[in-house]
Amino acid sequence: IDRLDLFNLSNPSTAVGVPDGQDVIHGLTQQPKSLPPKYFYDQQGSELFEQICMLPEYYPTRTEASIFQTYAEQITQLTGPCELVELGSGSATKTRILLSAYAARDWPLRYVPIDVSGSILQESSVALLEDYPSLGIHGLIGTYEPALNALPSLQLPTRMVMFIGSTLGNLPPLQSSQFLQRVGAALAPGQFFLLGLDLQKELDVIEAAYNDAQGVTAAFNLNMLRHLNYRYDGDFCLDAFRHVALYNEHEHQIEMYLESQCDQSVSLKQLDLTVQFGAGERLLTEISRKFSPAELEQQLASHGLKTLHTFTDERNWFGLMLAQK
Ligand code: AVI
């Protein structure tokens, strides 16, 4: 299709001199043990995440979508004709609401989706091109940092970088601030940043979202071990671990763990690694931070990004912040 360009950025974790899996060795030999959440997302993990987004308890996805439905037109009014750059575009379901709002104004459409999964990028791009006949797509397969350095030259009057779904919450504070600094640096004065954030709220609502009755989140969490077994010739026994998700009210974050059900030893042959787990020992697989918009507004400002508007739902459960450099 001549309206689609896809570019593969080299994966830094497979670059010469940086052996793959160092982060796994590091995390499993630390006390307490932890693993990077990126290992959730193999094919099966990505499918399980799509299922999580539809669970009755998992409010973030549908709440953010409802904010897009209500305010998409207002967002287009604030930005004018604008190219959309999306970090972690995935299936791009919510982005369609924005694209439709720009299309309704008869404005030109250009989309730069960025995702580590080439297959998801290709699939969602083809579907978008079918539905939006005037859309042009320049997709980048890779991680955020190289992608922000490889943005195509601007063809529309301005650009908006989007980081939605509250993925910022999966980064600890230091990484999060480095990330915002990079976004600030990648934007030219006058360009926009749209950030989706899960907001602080009652503990029960948050904990239920990560402990769903159907056990999909538990399967998603345990799938990381299956993925590591496959990738590094490991012998994690999935039945010997249990999903635990707790809200840490002091840090305002969900902490997701896999708890060892017995004393056991696990090996990852490809990494030449054997580790011991005690009964009840917890392995941290993810944090998911919950934000206060005022705090984020300050952080954005410290990276040269001025908040124009924070859109939220009627319960104030999720925030969509529009900032400008
Ligand atoms: C991708 N990320 C924003 C999700 C979250 O809510 O932190 C990942 C997730 N983990 C468990 N459920 C969903």
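Odds and ends about this structure:
- Considered as a group, the residues in region 98-134 that are assigned to a helix (DSSP H, G or I) and among the polar types (S, T, N, Q) include one that is modelled with the lowest pLDDT, and that residue is S119.
- Scanning region 222-263 for residues that are in contact with a helix residue (DSSP H, G or I) (Cβ under 8 Å, 6 or more places away or on another chain), more than 16 Å from G280 (Cβ to Cβ) and not hydrophobic (A, V, I, L, M, F, W, C) yields N223, R226, H227, R231, Y232, D233, G234, D235, Y247, E249, Q253.
- In region 264-286 there is at least one residue matching the filter, namely being among the polar types (S, T, N, Q), assigned to a strand (DSSP E or B) and surrounded by 19 or more Cβ atoms within 10 Å (Cβ to Cβ).
- Within the set L129, L48, the sole residue that is more than 20 Å from the chain's Cα centre (by Cα), over 25 Å from K325 (Cβ atoms) and in contact (Cβ under 8 Å) with a residue 40 or more places away in the chain turns out to be L129.
- Remark: V126 falls outside the filter, which requires a residue to be within 16 Å of the ligand (Cβ to nearest atom) and of a type in the set (A, V, I, L, M).
- Meets criteria (farther than 30 Å from E86 by Cα and surrounded by fewer than 13 Cβ atoms within 10 Å (Cβ to Cβ)) for A188: no
- Positions within region 82-123 being closer than 19 Å to E145 by Cβ and not polar (S, T, N, Q), in sequence order: V85, E86, L87, G88, G90, V112, P113, I114, D115, V116, G118, L121
- Number of positions in region 50-61 that are part of a helix (DSSP H, G or I) and surrounded by fewer than 17 Cβ atoms within 10 Å (Cβ to Cβ): 2
- Applying the condition of being touching a Gly at 6+ places or on another chain (Cβ under 9 Å) and near the ligand (Cβ under 10 Å from one of its atoms) to region 31-62 and asking which residue is farthest from G196 (Cα to Cα) yields F49.
- For region 135-159, taking the residues that are touching a Cys at 6+ places or on another chain (Cβ under 8 Å) and part of a loop (DSSP other than H, G, I, E, B), the one that is farthest from E47 (Cα to Cα) is identified as P157.
The values are calculated or read from the model by the stated rules, or taken from the named source; none is laboratory data. Everything quoted here is computed from the prediction, not taken from an experiment. Positions of Cβ are generated from backbone atoms using ideal geometry, with glycine treated the same way; all protein chains shown enter the neighbour counts.
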